[in-house]
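Here the structure is laid out as structure tokens; the discussion comes afterwards.
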Amino acid sequence: MNQDNRPLPTAIDVSIPSVARMYDYYLGGKDNYAVDREACEELSKVVPSTQVLAINNRRFLRRVVHWLAEEHGIRQFVDHGSGLPTQDNVHEVAQRVDPASRVVYIDNDPIVLAHGRALLEENENTAVIQADMRDTDGIFDSPEVRRLIDLDEPVAVLFVSVLHCIPDADDPAGLVRRVADRLVPGSFLVVCQLVSEDAATREYVTEFMRVSTEGQWGRVRQQHELRAFLDGLEILEPGLMEVSTWRPDPTDAGPRQLTQEWIEYGGVARKP
């Protein structure tokens, strides 16, 4: 159960699209079903750059984890709404810098739990737990987090392309603050979400995803709203921006492309 006593799903429901499985499909994965592919195809008719957006987001995740591990010496990561395992997962990027790096993945989708546990079975420095990411106390007090994450040392907490899944009524800004309160100074929060400055795009995508996923969705927001989520934290250079422009890596496979109708917008903040 989560903090609002809403039961977590225990079975994989293939009758409605899953955000995690749709993302997997856009990244070229195989852990998705016809209902997910159909939803992606319908969404792409109105926002055709969505697959590029997913690729940009994944590249941002890889760059930011490597930067935190290599440049800031972070050795422990908590990844909220991690999604299905794919190439260059957080633990793989961090453990290439230091094999002792520790990672906890969090997702409420049972298929993520099943695939994640199979992938990580022999990696003692990594764990995956099924939890509602709004349940901050339940997550940080869980046996897996207590085993792997030393909260007396700096931690990098990731909210990469997941806050748009949280409705305003559930206070995504409050979630970020609750997590920051559990961390020591010098810890990092990586935050990005889907934003659009075009009202028609925001309204269409928000309603499409809300109906398609039967309410497992918040909304597409605007840039100023995400900035407000980080009040009280130090936003690090180069600031908040469309994520493909955040510390771009010339070695990324394929050309960098900007999306048009909506973007992933975010960056990195540090707890002072």
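The values are calculated or read from the model by the stated rules, or taken from the named source; none is laboratory data. Model, not experiment: these values are computed from the prediction. In this analysis, Cβ positions are derived from the backbone assuming ideal geometry, glycine residues included, and neighbour counts consider all displayed protein chains.
Overview of results
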read-out: Subset of the range 40-53 that is in contact (Cβ under 8 Å) with a residue 60 or more places away in the chain and not polar (S, T, N, Q) - its residue that is nearest to residue 189 (Cα to Cα); value: 53
read-out: Scope the range 223-238; condition crowded, with 19+ Cβ neighbours inside 10 Å and over 29 Å from residue 40 (Cβ atoms); matching residues; value: 230, 233
read-out: Hits in the range 219-234 (condition: more than 24 Å from residue 199 (Cβ to Cβ) and out of contact with any helix residue (DSSP H, G or I) (no Cβ under 8 Å at 6 or more places or on another chain)); value: 234
read-out: Pairs with Cβ under 7 Å, 6+ apart, first in the range 110-126 and within 29 Å of residue 16 (Cα to Cα), second in a loop (DSSP other than H, G, I, E, B) and among the aliphatic types (A, V, I, L, M); value: 110/11; 110/12; 111/12; 111/84; 112/84; 115/84
read-out: Counted residues, the range 181-199 - those being of a type in the set (Asp, Glu) and either over 19 Å from residue 242 (Cβ atoms) or touching a strand residue (DSSP E or B) at 6+ places or on another chain (Cβ under 7 Å) (or both); value: 1
read-out: Residues (out of contact with any Leu (no Cβ under 8 Å at 6 or more places or on another chain) and among the aromatic types (Phe, Trp, Tyr)) located in the range 27-77; value: 33, 60, 67
read-out: Residue satisfying condition, being farther than 28 Å from residue 135 by Cα, in contact (Cβ under 8 Å) with a residue 24 or more places away in the chain and not hydroxyl-bearing (Ser, Thr, Tyr), within set 247, 219; value: 247
read-out: Test: residue 77 is out of contact with any Cys (no Cβ under 8 Å at 6 or more places or on another chain) and surrounded by 23 or more Cβ atoms within 10 Å (Cβ to Cβ); value: yes
read-out: Among (1) farther than 18 Å from residue 189 by Cα; (2) in contact (Cβ under 8 Å) with a residue 40 or more places away in the chain - the single one residue 172 does not satisfy; value: (1)
read-out: Members of the range 207-232 that are among the β-branched types (Val, Ile, Thr) and more than 18 Å from the chain's Cα centre (by Cα); value: 211
read-out: In the range 20-38, residue farthest from the chain's Cα centre (by Cα) [restricted to those that are modelled with pLDDT of 85 or more, surrounded by 18 or more Cβ atoms within 10 Å (Cβ to Cβ) and in a helix (DSSP H, G or I)]; value: 36
read-out: Identity of the residue in the range 83-117, of a type in the set (S, T, N, Q) and closer than 18 Å to residue 161 by Cβ, that ends up modelled with the highest pLDDT; value: 89
read-out: Candidates 103, 112 - the one that is on the phi < 0 side of the Ramachandran plot and in a helix (DSSP H, G or I); value: 112
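Rundown of residues vs (1) crowded, with 19+ Cβ neighbours inside 10 Å; (2) under 27 Å from residue 28 (Cα atoms); (3) of a type outside the set (Asp, Glu); (4) touching a Leu at 6+ places or on another chain (Cβ under 9 Å), yes/no style:
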position: 109; (1), (2), (3), (4): yes, yes, no, yes
position: 126; (1), (2), (3), (4): yes, yes, yes, yes
position: 137; (1), (2), (3), (4): no, no, no, no
position: 141; (1), (2), (3), (4): no, no, no, no
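Conditions tested, residue by residue: (1) at pLDDT below 95; (2) closer than 15 Å to residue 172 by Cα; (3) surrounded by 15 or more Cβ atoms within 10 Å (Cβ to Cβ).
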site	(1), (2), (3)
202	yes, no, yes
212	yes, no, yes
221	no, yes, yes
242	no, no, yes
260	yes, no, no
272	no, no, no
